[in-house]
Every structure is written in C-alpha cells, then in structure tokens.
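The values are calculated or read from the model by the stated rules, or taken from the named source; none is laboratory data. Every value quoted in this text rests on a predicted model; they were computed, and no experiment measured them. Heads up, the Cβs are rebuilt from the backbone with ideal geometry, glycines too, and the neighbour counts pull from every protein chain shown.
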Amino acid sequence: MAVTTEKQAIVAQMKENLSEAKGAVLVGYNGLTVAQVTDLRRKFLAEGVEYKVIKNTLTRIAVNELGLEGFAEHLEGPTALAISKTDAVAPARIIEDFIKDTKTEAINVKVGIVEGKVVDAEEVKAVAKLPNHEGMLSMLLSVLQAPIRNVAYAVKAVADKDETVA
C-alpha cells in the first residue's frame, strides 16, 4: 500500500513539473563519468534548471495522463529529464553546449517540450540556438531604439552642417 501511494505521489509531482515547464528535454545517457554528470548538474543548477534521472514507467503514466503525444515512446533505457519553469531555451542550450564542449556521445537528446508542445531532437537543437529571454529582450530593445537613434543622427548632421555654414 505504501509503495503505491509513494508511486502515485511521484507521478503527481512529475505531472505538475511537466505541466508547469516552459522547456524540458528528455535525454538518454549511457557511459557518462561521475565528473561529467557533476559538471552537467552544476550547469543546470546555475541556470535554475531541474535535472533528474527518472523512472520511465512512472514518467510514461504522467505523460499519458497529461496527453503529451509523441513523448512516451522515447522513454526507454537510462533516461534523465531537464526541466525549466522559467526559460524554454535553457535546458536545450545547456545540453547542446555540454555535448559540444565534451564531444561525448554518452548523452543524447531524445525529445523535448517547448511551451507545452512536444518537439523532436532536431527541433530541440534548433531551440538551443535561440537566445534566452534576456537576449531576446535586448534584441527587441535594440530594434525599437534604431529609428530614434537614426533621427538623432540626422538632427546632429543638420546641426553640424549649419555650424559649418555659419
């Protein structure tokens, strides 16, 4: 009885985490060293991403109850899940950077979730190349400032021309 209650609590927690997630990445790992796992966990922790090794059966139950199509079939073998409730890009970016930096084939992206939508491994790689929330805001601000900056340059050029004429 206690085991069933415990498992139900794990499934409920998994459903809550997945439903609140802005971004999540399901990864397969096989052959990572302790040092590599520790390094990866530190990178996730620094960006507020939760990283857990998961039980495939319990996660499959949670995913099916949430109705996330195309996710459950990737729950095979050693599996971990990286979830961010604040940044849709962070889990994908950290994993892709880790794979690129370590040049390891011991970890691979299986599938991801971005803003409640299940995406395949190729789409996760594309998402990883996007800037984070702050980067996007910075780009937007730059675009919004460009017309004002151009007007200021034109006014300054006219003022400089008038000074040379006078």
Regarding ALA152, is this residue of a type in the set (Gly, Ala, Ser), within 25 Å of ASN17 (Cα to Cα) and assigned to a helix (DSSP H, G or I)?
no
Against the definition (modelled with pLDDT under 85 and over 21 Å from ASP39 (Cα atoms)), how does VAL155 come out, yes or no?
yes
With the structure loaded, tell me whether ALA35 is free of Cβ contacts under 8 Å to residues at least 60 places away in the same chain and within 22 Å of VAL118 (Cβ to Cβ) or whether it fails that test.
no
GLY67, sole failed condition from (1) modelled with pLDDT of 90 or more; (2) over 13 Å from GLY112 (Cα atoms):
(1)
In this structure, is GLY23 assigned by TED's automatic domain parsing to the domain that holds SER84, of a type outside the set (Val, Ile, Thr) and on the phi > 0 side of the Ramachandran plot?
no
Of the residues in the range 87-115 that are over 9 Å from the mean Cα position of the chain (by Cα) and assigned to a loop (DSSP other than H, G, I, E, B), the one that is nearest to ALA24 (Cα to Cα) is GLU115
Return yes when GLU69 is among the acidic types (Asp, Glu) and more than 13 Å from the chain's Cα centre (by Cα) and no when it is not.
yes
